[in-house]
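Notes follow the structure.
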Amino acid sequence: MSALPATPLDLAPLEPILARYPADRRSLVMVLQDVQAAWHYLPREVLNRVAERLAVPRSHVYHVATFYKHFSLTPRGAHTCTVCMGTACHVRGAGLLVEHLERRTGMKAGDTTPDGRLTVETVNCVGACALGPVVIVDGQYVGSATARKVDRALEACMGHAERKPEDSGITSNGGDSLGAGTDRQASSVVAWGRPPDPQTPTASGDGKEDTE
Ligand code: FES
């Protein structure tokens, strides 16, 4: 499920973006990059305004917006977690990482959490096959990724939850070199997803997804 804006879009952030560049078509990609950074996607209203201000046909703006995978026409989360599902990563367990993230967030890969904080997505080969499986969290590569490493990377980007572990239904029975497996870690994991079903094996508890 994607988070849609509840109110009419505030276009105010567009003015300082446009002011950074010459008002012609050579600026289009740079403007779109800044728009994507500001809204985490390319809102239709903004694209139309950009076309007017840069004196570029809307058709060309949409062509560019859909040509580059970096750009999204649908709302994305403030944070992104991208799992590489290329062959090298797939055979090293990338599918289990996707399942872990889907279970934690309660949504399918490709969706954004209802609060608009996190998008989970998959891609094919990000060019770091030797590090597989690879997960990219807010642009940071996590090599030889495990569920626990991904949890930690997300936690670092999205912050800790104040929620108590007894509220989460998570039990922690594993440790690691950074002290994971503590109640604090169990608490923070739910910051970016729904509390897992207590009956559902967790990454730290089933021994399948996290081999570190
Ligand atoms: S298959 Fe994942 S980086 Fe190449």
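The values are calculated or read from the model by the stated rules, or taken from the named source; none is laboratory data. These numbers come from a predicted model, not from an experiment. Here the Cβ is made from the backbone with ideal geometry for all residues, glycine too, and neighbour counts use every protein chain on show.
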Subset of the stretch 37-48 [surrounded by fewer than 18 Cβ atoms within 10 Å (Cβ to Cβ) and not acidic (Asp, Glu)]: 37, 38, 44, 48
Filter result for the condition that a residue is among the aliphatic types (A, V, I, L, M) and modelled with pLDDT of 85 or more, over 161, 186, 153, 180: 153
Residues of the stretch 91-119 satisfying the condition of being at pLDDT below 95 and among the hydrophobic types (A, V, I, L, M, F, W, C): 107, 109, 118
Number of positions in the stretch 123-138 that are of a type in the set (Gly, Ala, Ser) and in contact with a Ser or Thr (Cβ under 8 Å, 6 or more places away or on another chain): 1
Checklist (1) within 14 Å of the chain's Cα centre (by Cα); (2) within 16 Å of the ligand (Cβ to nearest atom) applied to residue 76, failing item: (2)
Meets criteria (over 22 Å from residue 36 (Cβ atoms), more than 13 Å from the ligand (Cβ to nearest atom) and of a type in the set (D, E, K, R)) for residue 152: yes
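Conditions (1) touching an Asp or Glu at 6+ places or on another chain (Cβ under 6 Å); (2) not hydrophobic (A, V, I, L, M, F, W, C), marked per residue:
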residue	(1), (2)
77	no, yes
82	yes, yes
89	no, no
98	no, no
107	no, no
110	yes, yes
114	no, yes
121	no, yes
Residues located in the stretch 80-100, provided they are buried (at least 20 other Cβ atoms within 10 Å of the Cβ) and more than 15 Å from the ligand (Cβ to nearest atom): 100
Only one of 15, 45 that is over 24 Å from residue 119 (Cβ atoms) and of a type in the set (Asp, Glu): 15
Cβ-Cβ under 6 Å pairs, at least 6 apart or on other chains, the stretch 115-133 side near the ligand (Cβ under 8 Å from one of its atoms), far side of a type in the set (Gly, Ala, Ser): 124/86; 125/86; 129/88; 131/143; 132/88; 133/93; 133/94; 133/145
